[in-house]
Structures are given as structure tokens and as C-alpha cells.
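Visitor: Could you have a look at this structure, given as C-alpha cells, before my questions?
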Amino acid sequence: MWHGYFGIENLALNATQRATLVAELRALGPASDPQPARLNHWRVRLDGEAVIFEALFNENSLTVDAFKNRLASIFGVDPGTITTDATTHHFAGGDTPVVVFSRGGTDYLRLALFGGVSSSWENSGDECRGYLKLYQDAWELAE
Amino acid sequence: MGMLHGTMRALLGGAKKSYIDKVLGTDPFAYWPQNEKSGLTAIDLINSPAQDGTYTGVTLNALPGPDGQPTPFFDGANDFNNVFSATLQGALNGSEGTLQVWSKVANAGVWTDGTLRRALTVSVDANNEIFVERSSVDNALRYRYEAGGVAETGDVAFGPVSDWFSIALTWSIMADTVALYLNGVPVAVKGALGAWAGAPVTVLVGARTVAPSRPWHGNLAHPALWTRPLAPAEIADLAVV
């Protein structure tokens, strides 16, 4: 299990596809926990096209294959038709894997696992906060 | 009945909670010690469950507060305590009142990272709102009392502070005064207030909105609200645990 933060950014999903994916991701994590921090909760970007989730996750639910399978189910296609491009970003000195999921030459989804699923909650949080700081114009209301 | 209930709750909690009793002695209309160790509910000692808050994402019992009671950690990403309720809305007085919250930032970098961090929000709309927050200006806190579109606001140099500090803001249309207190000392006083209009729809500890926007990064304890401006001597006393 991994307590950390991950984010998704919609690149080309339609409204129905996006809603289906978000609903599935909101269901991840424990059904109950004495700590609010470990229950799935999220923050939505001002334009509604990106979400950051935090919870105590089963790492198996956050693998590249897991997201491929989700997108394949949403599209009604073979997961093998979905390709990925992985890079590593550093928002606060840590390593955040970022994966873009594509099909037929179109990028559909960007996934960021803040700090990576081997990171501590603190380090994942640092990466997430660093990301939010970097893109605060998109995530925060103006002063 | 609410006062008796609150006092009984404090006494039944076990060991003497002297700071909680002190706050209760000033007759707030809402007071959430935020000393829970588990669960989603932030108990309001004045009127529970009608004015209880709901935690989102905080880490409970993360750090001893200024009085040694457990306090929650707000992660500066997506945590807050939503204390809005219809009962609170009906009780809150935008023309006369006080807010107080004990605050502690997560680390020294919070004071200079240029990110707005909201400690407490009471809001009707953009023209009628009250808040205190970590300013985007280095080592400063920002307060705002806006009524009818007339804003009394400012950034006050404070920090970097690594320990707990008390923030209190009083407002009074009758006295035509808004005053910010830090650790019990008045640091900003303004007048020429506007006329408050409307009932609050947002009352949050640790954020500006439930998105959340401007989430606090650090710990917050003992948020409380009054329907009168507390006297300076009362504020000074509440700044001592």
C-alpha cells in the first residue's frame, strides 16, 4: 500500500469518458480509515481538466497497465492499442514519473505519480506541492 | 444548553483542559478544538452536532498544539475542515465578531514560497468576506474584512516563525473598527467599515474554498468564532496557554 498523491490531466477524453475515468479513480483507496488523510480525496484544477488524488492506494491500481486497462475499457478497445510515453519530472527535488497515454496518434491522458509509488508520503507531498506551486496560475484563484 | 453541553464535554474528556475552558469562558458561538485523534468529524464544543465540522484529508493528532492537545496537519495540497452549517450561518454576525485560530507552518520555507495559505475563511461573496492567511509577501500575514465591497485589509510583517502563534481578528460596525492581533498584540487597526450584507455560505478552516483553494500548510488549532468583538484584554488572555 502507498499513501501518496497522483494526478491526471485530460488531454483528449470527451466529457463522458472523462467522467467515467474520474469516477473510477475516486473509488480507489480504503472504504474507511481513522485518518482522513488516507481516505481518497481530491483537488480539481480550475478548468476541470486535471485532478490530484491522495489516499492510501494499492499500488497495483496505479500501474501503467492499470491505466491502460481503464482507458481500453472506456474506449472499448484492446489495451495493446494504447501506447505510453514515460518521463521523469522533478517538482521539489524528487522524482515524479509522468506517463502520457495515447492511441491512434492522439494523446488522451497524462498521469503523474508524485514522488513515485516507492516514495514516502512526505516526499510525495513535497513533489505535489512543488507541482502546484509551479502551475499555481492554473490551480489557484487569483489574489 | 449549548454552553453547558460544551463544558460537560470538555470535563468528560479526561484530564483538565484548561485552555479549552478558557476559550469556553469567553462564550464563543462556535469552537472546534480540533483535538480529535480519528474520524472525519470536528466536534464543535458549543453546538454539536449541529455545528460540527467535517475534515477532508487532514492528518489528525499530528503534533501537540500550544496547549499540548493533539492537532491536525494540513498538507498544503488538498486538506481543510469545512465548518459551515445552516446553524452556524444563522448564528454568525458579519457586523460584530471575532475569529481566532492558533497556527503553525510546516517549515520555514512556507514563509517565503510565495504561496497564499488560508487559515480561516468566512465568506458570503467577494464583497462580504473575512479571512486571515499567509500572504504571498515573504514573512507576512494578510487579513481582510470586507463588507459591502469596502475592504479593510493589509499585510503585516510576521515571521519566519517556527512555533505556534495566535491569530485573532475582531470586527465591529458599531465601533467602526477592524483589528488584527498576533499573539495577543494588536498589530493593525482600521476603520471606515462598509455595511455587511448577506449570510455566509463558506466557513472553512485551512482553505479559501472547498476546491480547495489556498490550503494551509502546517497545523491549525482551536479555531473559534464570537458574535462580538472581544476586548483587547480578552484577546491577550487567549493568546496565553
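The values are calculated or read from the model by the stated rules, or taken from the named source; none is laboratory data. Computed from a prediction, not measured in an experiment: that's the story for all the values here. Cβ placement follows ideal geometry from the backbone for every residue including glycine, while neighbour counts extend to all protein chains displayed. Heavy atoms of the whole protein, side chains included, go into the accessibility calculation; ligands, DNA and RNA do not. Shrake-Rupley method; radii C 1.70, N 1.55, O 1.52, S 1.80 Å.
Visitor: Exactly one of these conditions fails for B:A119: (1) out of contact with any Ser or Thr (no Cβ under 9 Å at 6 or more places or on another chain); (2) open to solvent by less than 20 Å² (accessible area, probe 1.4 Å). Give me its number.
Guide: Result: B:A119 passes all but (1).
Visitor: For residues that are more than 14 Å from chain A (Cβ to nearest Cβ) and either in contact with a His (Cβ under 9 Å, 6 or more places away or on another chain) or under 16 Å from B:S213 (Cβ atoms) (or both), tally how many sit in segment B:98-129.
Guide: 6
Visitor: Looking at this structure, is B:G57 open to solvent by less than 10 Å² (accessible area, probe 1.4 Å), without any contact (Cβ under 8 Å) to a residue 24 or more places away in the chain, closer than 21 Å to A:L39 by Cα and not aromatic (F, W, Y)? Full working, then the answer.
Guide: Values: open to solvent by less than 10 Å² (accessible area, probe 1.4 Å): yes; without any contact (Cβ under 8 Å) to a residue 24 or more places away in the chain: yes; closer than 21 Å to A:L39 by Cα: yes; not aromatic (F, W, Y): yes.
In short, yes.
Visitor: Being open to solvent by less than 10 Å² (accessible area, probe 1.4 Å), out of contact with any strand residue (DSSP E or B) (no Cβ under 6 Å at 6 or more places or on another chain) and of a type in the set (D, E, K, R) is the requirement here; does B:D125 meet it? If you could, list the steps in order and put the result at the bottom.
Guide: Working: open to solvent by less than 10 Å² (accessible area, probe 1.4 Å): no; out of contact with any strand residue (DSSP E or B) (no Cβ under 6 Å at 6 or more places or on another chain): yes; of a type in the set (D, E, K, R): yes.
When the stated conditions are applied, B:D125 does not pass them.
Visitor: Can I ask one more? Regarding A:S124, is this residue under 22 Å from B:F73 (Cα atoms), within 12 Å of another protein chain (Cβ to nearest Cβ), under 17 Å from the mean Cα position of the chain (by Cα) and of a type in the set (S, T, N, Q)?
Guide: Details: under 22 Å from B:F73 (Cα atoms): yes; within 12 Å of another protein chain (Cβ to nearest Cβ): yes; under 17 Å from the mean Cα position of the chain (by Cα): yes; of a type in the set (S, T, N, Q): yes.
Taking the combined requirement at face value, the residue satisfies it.
Visitor: Just checking, which of A:A55, A:A37, A:A31, A:A50 is within 14 Å of chain B (Cβ to nearest Cβ), surrounded by 21 or more Cβ atoms within 10 Å (Cβ to Cβ) and either out of contact with any Ser or Thr (no Cβ under 9 Å at 6 or more places or on another chain) or farther than 25 Å from A:W121 by Cα (or both)? Before the answer, list the steps.
Guide: Working: A:A37 fails: either out of contact with any Ser or Thr (no Cβ under 9 Å at 6 or more places or on another chain) or farther than 25 Å from A:W121 by Cα (or both); A:A31 fails: surrounded by 21 or more Cβ atoms within 10 Å (Cβ to Cβ); A:A50 fails: surrounded by 21 or more Cβ atoms within 10 Å (Cβ to Cβ).
That would be A:A55, the only listed residue that is within 14 Å of chain B (Cβ to nearest Cβ), surrounded by 21 or more Cβ atoms within 10 Å (Cβ to Cβ) and either out of contact with any Ser or Thr (no Cβ under 9 Å at 6 or more places or on another chain) or farther than 25 Å from A:W121 by Cα (or both).
For every residue, the table says whether it meets (1) surrounded by 19 or more Cβ atoms within 10 Å (Cβ to Cβ); (2) in contact with a Pro (Cβ under 8 Å, 6 or more places away or on another chain); (3) among the polar types (S, T, N, Q).
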residue	(1), (2), (3)
B:G159	yes, no, no
B:A175	no, yes, no
B:V187	no, no, no
B:G191	no, no, no
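Visitor: Pull up segment B:21-63, narrow it to residues that are among the β-branched types (V, I, T) and either under 17 Å from B:S103 (Cβ atoms) or at pLDDT below 95 (or both), then point me to the one that is nearest to the chain's Cα centre (by Cα).
Guide: Taking segment B:21-63 as the starting set, the residues that turn out to be among the β-branched types (V, I, T) are B:23, B:26, B:41, B:43, B:46, B:54, B:56, B:58-59.
Among the residues that remain, those that are also either under 17 Å from B:S103 (Cβ atoms) or at pLDDT below 95 (or both) are: B:23, B:58-59.
Details: B:V23: 13, B:V58: 16, B:T59: 18 Å.
Within segment B:21-63, the match that is nearest to the chain's Cα centre (by Cα) is B:V23.
Visitor: Let me ask something additional. If you check B:G159, B:G114, which single one turns out to be within 15 Å of B:W102 (Cα to Cα), of a type outside the set (S, T, Y) and not in a strand (DSSP E or B)? Full working, then the answer.
Guide: Details: B:G114 fails: within 15 Å of B:W102 (Cα to Cα).
B:G159 is the lone residue from the list that is within 15 Å of B:W102 (Cα to Cα), of a type outside the set (S, T, Y) and not in a strand (DSSP E or B).
Visitor: Right, next: Whether any residue in segment B:88-97 is touching a residue at least 60 places away in the same chain (Cβ under 8 Å), among the aliphatic types (A, V, I, L, M), part of a loop (DSSP other than H, G, I, E, B) and within 14 Å of chain A (Cβ to nearest Cβ) is what I want to check.
Guide: Let us first name the residues in segment B:88-97 that are touching a residue at least 60 places away in the same chain (Cβ under 8 Å), namely B:88-97.
Add one more test, that the residue is among the aliphatic types (A, V, I, L, M), and what stays is B:88, B:91-92.
Applying the additional criterion that residues be part of a loop (DSSP other than H, G, I, E, B) yields B:92.
Narrowing the set further to residues that are within 14 Å of chain A (Cβ to nearest Cβ) leaves none.
Among the residues of segment B:88-97, not one is touching a residue at least 60 places away in the same chain (Cβ under 8 Å), among the aliphatic types (A, V, I, L, M), part of a loop (DSSP other than H, G, I, E, B) and within 14 Å of chain A (Cβ to nearest Cβ), which makes the answer no.
Visitor: Within segment B:212-235, take every residue that is open to solvent by 30 Å² or more (accessible area, probe 1.4 Å) and touching a strand residue (DSSP E or B) at 6+ places or on another chain (Cβ under 6 Å) and give me the one that is farthest from the other protein chains (Cβ to nearest Cβ). Let's see the steps before the verdict.
Guide: Just the residues of segment B:212-235 that are open to solvent by 30 Å² or more (accessible area, probe 1.4 Å), to begin with: B:227-229, B:231-234.
Filter once more, keeping what is touching a strand residue (DSSP E or B) at 6+ places or on another chain (Cβ under 6 Å): B:227-229.
Numbers: B:T227: 29, B:R228: 30, B:P229: 27 Å.
Per the criteria, the residue is B:R228.
Visitor: Right, another one. For segment A:88-114, give me each residue that is open to solvent by 10 Å² or more (accessible area, probe 1.4 Å) and not in a strand (DSSP E or B).
Guide: A:H90, A:F91, A:A92, A:G93, A:G94, A:D95, A:G104, A:G105
Visitor: Same structure, new question: Could you list, in sequence order, all residues of segment B:195-211 that are more than 13 Å from the chain's Cα centre (by Cα) and open to solvent by less than 10 Å² (accessible area, probe 1.4 Å)?
Guide: B:P200
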